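The values are calculated or read from the model by the stated rules, or taken from the named source; none is laboratory data. None of the values given here were measured: they were computed from a predicted structure. Using ideal geometry, Cβ is built from the backbone for each residue, glycine included, and neighbour counts are taken over all protein chains shown.
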Amino acid sequence: MGVPSDDAVVIQKGKAPGDHCVVTVNCPDKIGLGCDICRIILQFGLYIAKGDISTDGIWCYIVLWVVPWSRSIIVRWSNLKSRLLSICPSCSLSFYLPQQSTCASSSPVYLLRFFCLDRKGLLHDVTQVLCELELTIQRVKVMTTPDGKVLDLFFITDNKELLHTKQRQDETCEQLLAVLGKSCISCELQLAGPEYEYHHSFTSLSPVVAEELFRSELSEKEPRSQALSSNMKNLRKTNVMIDNSLSPAHTLLQIYCVDHKGLLYDIMRTLKDCNMQIAYGRFLPNSRGYRDLDLFIQQKDGKKIVDPEKQSALTSCIKKEMFHPLRVIMTDRGPDVELLVANPVELCGKGRPRVFYDVTLALKALGICIFSAEIGRYSASDREWEVYRFLLDENDRFQLSNMVAGEHIVDGVRRALMGWKR
């Protein structure tokens, strides 16, 4: 008979600040459900400390122990429950029918346009408001004028699907005006028109920059680009093993790797895009910066992975995603310096959550002003990427053309994205 839909997601809050909250999802299964859940968890700024997954292919039971990444993150638990419920398949008799992984119909895109006086950290402050309002940034165009003003165009969608209402629009503008203060000259919110398709296109990257940004392998020396910190060097210890001897029906996938923000999402995303089904999984707690993950998986046809070529392709794909969940480089753009950040897009078209938030937070902490910014999609290495471009201002603290300063900025941005402390 299924279960009451409201009971499909249960959240038990910790007894004291800093304690883990337990998120339980108990609903019909579908391919990619684990990925969708982890994506929402990441979008709410939560860290998965440990987890258990169990499914018989029809019904699944997922338990995740989560905690906010930082004290500054405000989690609206009722909203998190609503979002998780929205992706759970229907809890009716129809759950006995095979569930297919489907993408939700696209949400309407709105244009948020505001014109104001520029200041350090402005872009991140606006991004933080949008994240707290559960508005997803699809595209952005930021332009600074010579007289110290900035025109920002944010193309956004509403995770609550309420932006068509006057109350929701007023709430958005009011919270933005509270942050912008008297520096705001104008603020407008409306349904996006043809200009969205115009900004959907992306300024082409030079072949040299594209090669550096999207290449598969990291070299040990990458001045001006991937800036290997101790955490990055430890990524070399990533180990992915496949064992078919422990289960008659499933392949055991064992992963040992450096911990990072969104790790479980990256693994689930990779398995989802490879059409792999998870029967049972355990995500162990962080141990000295490393994580252990055991997953019993099957191919989409319900069979084990016995073909050596398929085994090699899967382990290679997972290792690549552990090495490169995000790409960060700095490059010259004429007389200016540009910061580029890229992440792979899921096959269903969804990009990684909170990337723009983390990059702008890191640049704000470094005292770097952003002259212009844009988000776009780019096809390379047989897949689609979401690329973030930031044209940076010179300032007193850093000379951006200096190689050491460039590596410092790249390392700071990477650490913010990966959740690594300095």
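Here is a check on your reading of the model: is I11 surrounded by fewer than 18 Cβ atoms within 10 Å (Cβ to Cβ) and touching a residue at least 60 places away in the same chain (Cβ under 8 Å)?
Against the criterion (surrounded by fewer than 18 Cβ atoms within 10 Å (Cβ to Cβ) and touching a residue at least 60 places away in the same chain (Cβ under 8 Å)), I11 qualifies.
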Exercise. Starting from the range 181-194, take each residue that is among the hydroxyl-bearing types (S, T, Y) and surrounded by 11 or more Cβ atoms within 10 Å (Cβ to Cβ) and list its partners that are part of a loop (DSSP other than H, G, I, E, B) and modelled with pLDDT under 90, counting only C-beta distances under 7 angstrom and pairs at least six apart or across chains.
Key: S183/R119
Quiz item: Scanning for something at pLDDT below 95, in contact with a helix residue (DSSP H, G or I) (Cβ under 6 Å, 6 or more places away or on another chain) and surrounded by 13 or more Cβ atoms within 10 Å (Cβ to Cβ), does the range 300-316 turn up at least one residue?
Solution: no
Quiz item: Within the range 249-268, how many residues are of a type in the set (A, V, I, L, M), without any contact (Cβ under 8 Å) to a residue 60 or more places away in the chain and surrounded by fewer than 24 Cβ atoms within 10 Å (Cβ to Cβ)?
Solution: 2
Exercise. State the number of residues belonging to the range 347-358 that are surrounded by fewer than 19 Cβ atoms within 10 Å (Cβ to Cβ) and either touching a strand residue (DSSP E or B) at 6+ places or on another chain (Cβ under 8 Å) or over 21 Å from W69 (Cβ atoms) (or both).
Key: 3
Quiz item: Out of the range 137-176, which residues are more than 18 Å from L117 (Cα to Cα) and without any contact (Cβ under 8 Å) to a residue 40 or more places away in the chain?
Solution: L162, T165, K166, Q167, R168, Q169, D170, E171
Quiz item: Of the residues that make up the range 20-28, is at least one within 16 Å of G419 (Cβ to Cβ), crowded, with 20+ Cβ neighbours inside 10 Å, out of contact with any Ser or Thr (no Cβ under 8 Å at 6 or more places or on another chain) and of a type outside the set (G, A, S)?
Solution: no
Quiz item: Restricting the search to the range 56-79, which residues are part of a helix (DSSP H, G or I) and in contact (Cβ under 8 Å) with a residue 12 or more places away in the chain?
Solution: W77, N79
Quiz item: Residues of the range 22-46 being assigned to a helix (DSSP H, G or I), among the aliphatic types (A, V, I, L, M) and under 18 Å from A279 (Cβ atoms), which ones?
Solution: L33, I37
Quiz item: Going by the conditions given, is K261 in a loop (DSSP other than H, G, I, E, B), within 18 Å of P344 (Cα to Cα) and of a type outside the set (D, E)?
Solution: yes
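What about K261, is it within 12 Å of V240 (Cα to Cα), touching a strand residue (DSSP E or B) at 6+ places or on another chain (Cβ under 8 Å) and basic (K, R)? Please lay out each step first, then the result.
Numbers: within 12 Å of V240 (Cα to Cα): no; touching a strand residue (DSSP E or B) at 6+ places or on another chain (Cβ under 8 Å): yes; basic (K, R): yes.
It is false that K261 is within 12 Å of V240 (Cα to Cα), touching a strand residue (DSSP E or B) at 6+ places or on another chain (Cβ under 8 Å) and basic (K, R).
Considering only residues that are assigned to a strand (DSSP E or B) and without any contact (Cβ under 8 Å) to a residue 12 or more places away in the chain, which ones fall in the range 375-392?
To start, the set of residues in the range 375-392 that are assigned to a strand (DSSP E or B) comprises 375-380, 383-392.
S379, the sole residue that qualifies.
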Exercise. Inspect the range 323-342 for any residue being at pLDDT below 90, under 25 Å from I40 (Cα atoms) and surrounded by 22 or more Cβ atoms within 10 Å (Cβ to Cβ) and give the result as yes or no.
Key: yes
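Does the range 228-236 include one or more residues that are modelled with pLDDT under 90 and over 30 Å from L391 (Cα atoms)?
First pass over the range 228-236, keeping only residues modelled with pLDDT under 90: 228-236.
Adding the requirement that they be over 30 Å from L391 (Cα atoms) leaves 234, 236.
Checked the range 228-236: at least one residue is modelled with pLDDT under 90 and over 30 Å from L391 (Cα atoms).
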Quiz prompt | Contacts under 6 angstrom Cβ, first residue in the range 332-343 being within 15 Å of L213 (Cα to Cα), partner buried (at least 20 other Cβ atoms within 10 Å of the Cβ) and among the aromatic types (F, W, Y), 6 or more apart | solution = L339/F390; V341/Y388; A342/W385
